[in-house]
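Below: the structure, in structure tokens.
A short reminder: the numbers here are calculations on the coordinates, not readings from a lab. For clarity, every value in this text was computed on a predicted model and none was experimentally measured. Heads up, the Cβs are rebuilt from the backbone with ideal geometry, glycines too, and the neighbour counts pull from every protein chain shown.
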Amino acid sequence: MTEMLSEQKQSLGWLARMRKGLSRSSAKLTGGITDLFTKRKLDDDALEELEELLIRSDLGVTTATKLTQSLANSRFNQEVSSEEIRGALADDMATILEPVAQTISIYQAYKPHVILVCGVNGSGKTTTIAKMAGLFKHVGFKVVLAAGDTFRAAAVEQLQIWGERIDCPVISRPIGSDAAGLAYDALEKARAERADILLIDTAGRLQNKTDLMAELQKIVRVLKKVDENAPHDCLLVLDATVGQNAHNQVEVFREMVNVTGLAVTKLDGSAKGGVVVALAEKFDLPVHFIGVGESMEDMRAFDARAFARSLMGLEVGERGEK
């Protein structure tokens with residue numbers, strides 16, 4: 001009973017942090033909707049203005065059109081309140097997001113389950129790895145970290161500091177070492193220690209895409225020498241503050257490696273939270289984690305309904321309808 005209450009308290013704490021983290025995005029959307037729908041019918045002009053607001057909020061043209069069309073189908077020429085609009089949009093967003101809201105499945109048969117983590121420098125990749133490791137350890141997994149961004153001393157040092165903090169071993173090599181060789185050593189060591197999960201950090205220098213592609217593909221080839229199925233997941237970390245540029249990053253990294261899922265960070269840093277909905281609509285890639293702050297507690301598994309409600313300034317479970 002005590003354990004159940006503790007989990008419920010943690011869940012409520014996370015929902016509050018997520019709402020706070022999304023407050024900029026929520027304020028932009030809800031403020032715009034309130035301005036649009038004060039004693040007004042949902043006519044063609046209102047729909048057009050709403051679509052423009054959604055596009056400006058980084059939901060993208062395709063998603064904005066889909067959401068406004070859904071409203072037109074159910075409420076066209078009716079008098080609607082801003083609360084009704086927010087509730088309807090939240091429900092439709094949740095429908096788009098639910099298929100991609102998937103927790104990452106860890107397969108014990110692999111020993112270790114290898115997760116290659118990629119993304120541009122500055123996306124929050126290294127911190128995301130540490131937070132993931134903390135979440136995995138919390139549920140009982142044995143985790144090993146590999147500091148595979150061997151060109152940036154800061155990235156290696158940052159991961160080592162996090163490793164000490166969460167009591168996870170970190171495999172590293174001198175700056176400038178071969179990242180693929182490090183990945184090979186890390187997998188051998190994690191396997192020897194019977195670790196459940198190996199998380200591998202990687203470089204993210206997009207200014208020379210050809211070199212980065214060659215490096216990532218070499219890491220994958222070398223891992224397969226130890227385990228033909230590795231890496232078992234390739235997680236792309238995206239910084240939400242870049243807005244629609246996140247689409248380009250997904251396309252670029254999918255050319256390089258087989259991206260199997262996303263983690264979206266820094267949702268508290270701008271009013272661009274709508275980009276998560278646009279990414280789900282366009283790419284249909286699982287969104288495994290979202291981050292709304294810098295502390296360990298500020299990243300959790302992605303919950304579609306809770307996210308959509310928070311984005312629309314609604315309590316989870318509140319439908320916004322009268």
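Some values worked out for this structure:
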read-out: Net length gained if the chain between T210 and V139 were fully extended (0.36 nm per residue, minus Cα distance); value: 21.7 nm
read-out: Whole-angstrom gap from the stretch 245-276 to the stretch 157-187, using each part's C-alpha centre; value: 24 Å
read-out: Lysine pairs with alpha-carbon atoms under 17 Å apart, the stretch 113-302, spacing 8 or more or separate chains; value: 8
read-out: Loop GluC sites (Glu not before Pro), the stretch 201-284 (other Cβ atoms within 10 Å of the site Cβ: 10 or fewer; DSSP); value: E228
read-out: Sum of -39500 (n - 2.57) over DSSP H runs of 4+, divided by residues of the chain (222 nm, nearest 500); value: -16500 deg cm²/dmol
